[in-house]
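Report on the following structure.
What follows is calculated from the coordinates using simple rules that are stated; it is not laboratory data. This is a predicted model, so every value here is computed, not measured. Every residue, glycine among them, receives a Cβ derived from its backbone with ideal geometry; neighbour counts consider all protein chains shown.
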Amino acid sequence: MAGRKKKARGEPSNNGAVTIERGVPLPKYRRRKTYPWPTMEVGDSFTEPFTESRLRSLRTLAATAGKRYGRYFIVRLDPKDPSLIRVWRAE
């Protein structure tokens, strides 16, 4: 590595990897979909359209909500319509 000039700390890099821009407005916050976890009574349920990723997400969200609210939720495909995911509040 003889002959390479060591860059001083804090000196900007000229390799063009990152460009800093000023004055770019922050996009508006897009609110995530909210689910009725805290208001659900035992036996209540709701549905979402089925996709593999949505099923995994809802299972994770249901487990997290269960811990947060001290409740138990069951996530399964709707027995009457397999194109839907149904989430039940259980005891």
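For Ser53, Ser45, the sequence from fewest to most other C-beta atoms within 10 Å is Ser53, Ser45.
Can you check what the net charge comes to around Arg86, using other residues whose Cβ is under 10 Å from the Cβ of Arg86 (Lys, Arg +1; Asp, Glu -1)? After counting each charged neighbour, the total is -1. Each of the peptides 20-28, 56-64 was scored by the mean count of other Cβ atoms within 10 Å over its residues; in descending order, highest first, they stand as 56-64, 20-28. You can think of it this way: the chain between Leu61 and Thr39 has 6.4 nm of extra reach, that is 0.36 nm per residue less the Cα-Cα gap.
What is the local net charge at Pro49, summed over the other residues whose Cβ is closer than 13 Å to its Cβ (Lys, Arg +1; Asp, Glu -1)? Local charge sum for Pro49: -1. Peptides 29-42, 66-79 ranked from most to least packed by the mean count of surrounding Cβ atoms within 10 Å: 66-79, 29-42.
Net charge in the neighbourhood of Thr34 (other residues with Cβ under 15 Å of its Cβ; Lys, Arg +1, Asp, Glu -1) is +4.
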